[in-house]
Amino acid sequence: MSAQNNDMKREKFSSGIAVFFATLGSAVGLGNIWKFPYLTGQNGGGAFLFVYLLCILLVGIPVMVSEFYIGRKTRKNAVGAFEALKPGTPWKGIGLMGVAAAYLIMFFYSCVAGWVYSYVFKAIKGDFAGITADTAKAQFGSTVVGPLPPLLWQIIVMAVVSLILISGVKKGIERVTKTLMPVLFILVIICGIRAITLPGAFAGLEFLFRVDFAKITPPVILTALGLAFFKLSLGMGTMMTYASYFTDDNHMMATSAKVALSDTAVSILAGIAIFPAVFSFGMEPGAGPGLLFMTIPLVFSKMMFGNILLIAFFVLTSIAATTAMLSLVEVPVAYMTEEKGISRRNSVLINSFIILLFGTLATFSADKSSLLGGIQFWGRGFFDWFDFISSNILLPVGGLLIVLFVGYFIKKEDIFGELSNRGRLNNGWLVQSFLFLVRFISPLLLLLVFLNSLGILKF
Ligand code: PFF
């Protein structure tokens, strides 16, 4: 197929609103509702939130704008984009690394999404009525250990994601995110309002918003930086791929600020829905990854209209997980369709098959008592390895290389041209500030996370 044909067939989002909701749909996911609250709980509440906000500003937004630049400038998939900018150089390795990271994240993300879908079903069936701490634990245990139910839920998740993706960028991704993201906002606001009107809720709000500077330690800073990365879907070509579908007149710097702000708002709202309730019922905010799955059913079961809220909460988590997965799978799908000439439909099916094949390894090793739970390599099972290699190695390295690439290997005039929409926007000082962050601040901070996660640099 000629390049021209390919260009003509290439889809675009239809408006600025569509661009915003699709991109936000990628950012908002299990990271906001599952990871953000439990990491905030474990890392000192307000102090962690404060550092996290700084990371979003100093690293998150610059990396996102860099990815937007590469994606829209070339209008290609993550691998093709680097090849278009620097043909015949190893830079396209960043794109290939992104494709690998997308697979690894999907292997375990689709598994956790399956648990979330199953919790919607359980809540509707009324399985959480009269729940106690022990039964909450047992419910979670049986959901995770399986072996068949979690696999079936994972297959359902992949079927939903595939159907949406096969429909295309406009009819699939755009339509679903434009409809569901506002619903997600409304649901998370309702859950938040219910939680802050509980007796004793103030302690939870205080925990979330009171900054105790003594709690800001190097490991807290590094955890916050890693989360900012995962949260905003950065470092693996996701935002690049989506930006390749952006409209020509999109003010990409404004989009990145709006997406980062709204994503943070959802995380904070999820925190507002969770912490006051946790405190109000005398539970432990630092409970770890089980916070969402064990504490929330328990907490909601003690409230008036608790079961309806519980269903709402897991529906909103399912929406978040699904829209984030669309962007994850779109990375290899765009790569295969454009670079290997495979049809979109077949490429979605092939990728879903690969994800399910290896995702099974994650699902069967999620818990010590799972089918493959006993298999460990250097102290980690499959599930943990997929998470560790993608989140702690591939994303920070990818992000670092992306900012170095844009900061030092692209001509300044090209960056000004693209980010100002060929001079139509009067945003020179913004681009100038972006260049400063992307050249000096972001690479330094990213280098620190990477060295620390590899254990080379200990604080
Ligand atoms: N941003 C998503 C979340 O917070 O759950 C996760 C994610 C999606 C990470 C897409 C990376 C990615 F490329």
request  = Return one whole number: the accessible area per residue of the chain in Å², for a 1.4 Å probe.
outcome  = 39
task = Please give the peptides 55-61, 281-287 ranked by average Cβ packing (other Cβ atoms within 10 Å per residue), highest first, as a rough proxy for protection.
result = 55-61, 281-287
key: Using θ = phi - 60° and Karplus 6.51 cos²θ - 1.76 cosθ + 1.60, couplings along the range 409-421 (whole Hz; Gly, Pro as x)   = 10, 10, 5, 3, 4, 5, 5, 4, x, 5, 6, 9, 6
Distance from the range 99-177 to the range 399-416 (C-alpha centre basis), Å = 38
task = Give me the number: length gained by fully extending Ser343 to Leu96, i.e. 0.36 nm times residue separation minus the C-alpha to C-alpha distance, one decimal in nm.
result = 87.0 nm
message = Which trypsin sites (Lys or Arg not before Pro) in the range 372-414 sit in a loop by DSSP (not H, G, I, E or B) and have at most 15 other Cβ atoms within 10 Å of their own Cβ?
response = Lys411
request  = Report Rg(Cα)/(2.2 N^0.38 Å) for the range 297-453, keeping two decimals.
outcome  = 1.45
request  = Figure the gain on full extension for Ile189 and Leu57 (residue separation times 0.36 nm, minus the Cα-Cα span) and round it to one decimal in nm.
outcome  = 45.1 nm
query = What is the gain in length, in nm to one decimal, between Lys137 and Arg10 on full extension, counting 0.36 nm per residue of separation less the C-alpha to C-alpha distance?
reply = 40.9 nm
query = Among the listed pairs Lys35/Lys125; Lys178/Lys368; Lys35/Lys411, which are separated by more than 31 Å between their Cα atoms?
reply = Lys178/Lys368; Lys35/Lys411
query = Which value, to two decimals, describes the C-alpha radius of gyration of the chain once divided by 2.2 N^0.38 Å?
reply = 0.94
key: Structure-based [θ]222 nm, the chain - -39500 (n - 2.57) summed over DSSP H runs of at least 4, per residue, nearest 500   = -22000 deg cm²/dmol
Selection of chymotrypsin sites (Phe, Trp or Tyr not before Pro), the range 352-389, meeting DSSP coil and at most 11 other Cβ within 10 Å = Trp378
message = Given a 1.4 angstrom probe, I'd like the percentage of the accessible area of the range 197-239 that is carbon and sulfur, rounded to a whole number.
response = 70
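The values are calculated or read from the model by the stated rules, or taken from the named source; none is laboratory data. Predicted model, so just to flag it, every value in this text is computed and none were measured. Don't worry about glycine lacking a Cβ; one is built from the backbone with ideal geometry, like all the others, and counts go over all protein chains shown. With ligands, DNA and RNA removed, areas are computed over all heavy atoms of the protein, side chains included. Shrake-Rupley method; radii C 1.70, N 1.55, O 1.52, S 1.80 Å.
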